[in-house]
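Below: the structure, in structure tokens.
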Amino acid sequence: MTRLSAFGLALTVSMLSLAAQASELDDLIAAAKGEPPTTVYAVTGKIVETAEAFSAKYGLEVTGKKVNESGQIDLLIREHQSGNVTGSVSLASDASVIIADLIGQGLVESWAPEDIAPHLPESARNPLVVVNDPHVWAYNSEAYESCPITNIWQLTDADWSRRVTVMDPLDKPAYADWFNQLADHHDGAMAAAYEAHYGKAFEGVEGTATEAWVKAFASNSPLVGDSSVVAEAIGAPGQAEPFFGMLSTAKFRDNESKGFKLAICNDMQPFSGWLYPGLGVIASETPSPNTAKLFIHYLLTEEGIAPQRVDGKVPSDPRIGLPADEASGVAAVMDQLMVWDTGSAVSDIDARQDWQDIWRTSLTR
């Protein structure tokens, strides 16, 4: 009887908690109704249809606007300084700058809904990571039966000179920050990959194994371009010797729309790619704070994040996951991807210029 009573008490508490959460969401919706229209920024064009669906669901007026990482930062700063905050939510902007500068200065704030936060990994709660963007090493499946690369150090060898492509770390700061993440947290793995490839221990006279790799890779004449250039160089059909390279899983949709042959490289040392955190933050001076919170809540649901899931964006809430028909198949290699440490944001931003300088001075075209 005692055990049954304890179970009944726990059930009652759980039901009360769910009722309280529902009431809080209802209160948020009611408060949002009295706020002015607002805009939400994201690096993906899918934000437009997401905002339209949100507006229709809640009877609010929210506009989605695609803005790149640096553009979002610029807008957030200028709008705050002018006192005319148009954009209330920023999604998947420059994570290092958001964490190291904008949150610290009070320009934006991180908020996680009470009903969803307990289900998120602790590392994704503050600052809130809404979704992760996988960047993976990829090859052309028409030209190769399997991935031609097993080790990141192969990309520094003469055999792969002028045959590898990546997005420009000078234009895409996440790539410079990726170098720093490797150096700060995984340099031992980079050194181990060196030994596995060359049959001898890494003995850099100075610097890290990561720095040695970045210098060697840049001097091996990689093709540098935007995401479309990289995707075409790797995946376009009919190539005798297509490029190998790294890109976001979002570009794998070109397999269907353009007939590309992009495939993920499995079991590459030390990683088959990395997960870039898409933070969701709210402008601190927005005149529509409740609408912004409601939109963040919506993004954390299966319905709200659906347009991005089909592009291989990985929801932070593990209860959602990726759809079975996601184009890249990245779900099968999630345990092979480097997980980004947002706790290193200050280090990332402080070292960004150094890594970009190393890249710039080493790059051979």
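The values are calculated or read from the model by the stated rules, or taken from the named source; none is laboratory data. The structure presented is a predicted model; accordingly, all values stated were derived computationally and were not measured. Counting neighbours? That spans all protein chains shown, and the Cβs are built from the backbone with ideal geometry, glycine included.
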**OP:** Look through the range 306-365, keep the residues that are farther than 29 Å from Glu211 by Cβ, of a type in the set (Gly, Ala, Ser) and out of contact with any Ser or Thr (no Cβ under 7 Å at 6 or more places or on another chain), and return whichever of them is surrounded by the most Cβ atoms within 10 Å (Cβ to Cβ).
**Re:** Ser316
Original post:
Which of the following residues is aromatic (Phe, Trp, Tyr) and surrounded by fewer than 23 Cβ atoms within 10 Å (Cβ to Cβ): Trp137, Trp111?
Top reply: Trp111
Subject >> Any pair with Cβ under 9 angstrom, 6 or more apart, that starts in the range 49-60 at a residue that is assigned by TED's automatic domain parsing to the domain that holds Ile29 and within 17 Å of Val310 (Cβ to Cβ) and ends at one that is of a type in the set (Val, Ile, Thr) and assigned to a loop (DSSP other than H, G, I, E, B) >> reply: Thr50/Thr44
Original post:
Can you name the residue in the range 83-106 that is of a type in the set (A, V, I, L, M, F, W, C) and touching a strand residue (DSSP E or B) at 6+ places or on another chain (Cβ under 7 Å) and, of all such residues, is farthest from Ser70 (Cα to Cα)?
Top reply: Val85
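So that you can scan it fast, the table gives a plain yes or no per residue for (1) of a type outside the set (Asp, Glu); (2) without any contact (Cβ under 8 Å) to a residue 24 or more places away in the chain; (3) more than 17 Å from Trp178 (Cβ to Cβ); (4) in contact with a Phe, Trp or Tyr (Cβ under 8 Å, 6 or more places away or on another chain):
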position	(1), (2), (3), (4)
Ala117	yes, yes, yes, no
Glu122	no, yes, yes, no
Asn126	yes, yes, yes, no
Val131	yes, no, yes, no
His135	yes, no, no, yes
Glu145	no, yes, yes, no
Pro148	yes, no, yes, yes
Trp153	yes, no, no, yes
Asp157	no, no, yes, no
Subject >> the range 193-221 - residue that is part of a loop (DSSP other than H, G, I, E, B) and buried (at least 16 other Cβ atoms within 10 Å of the Cβ) and, of those, farthest from the chain's Cα centre (by Cα) >> reply: Phe202
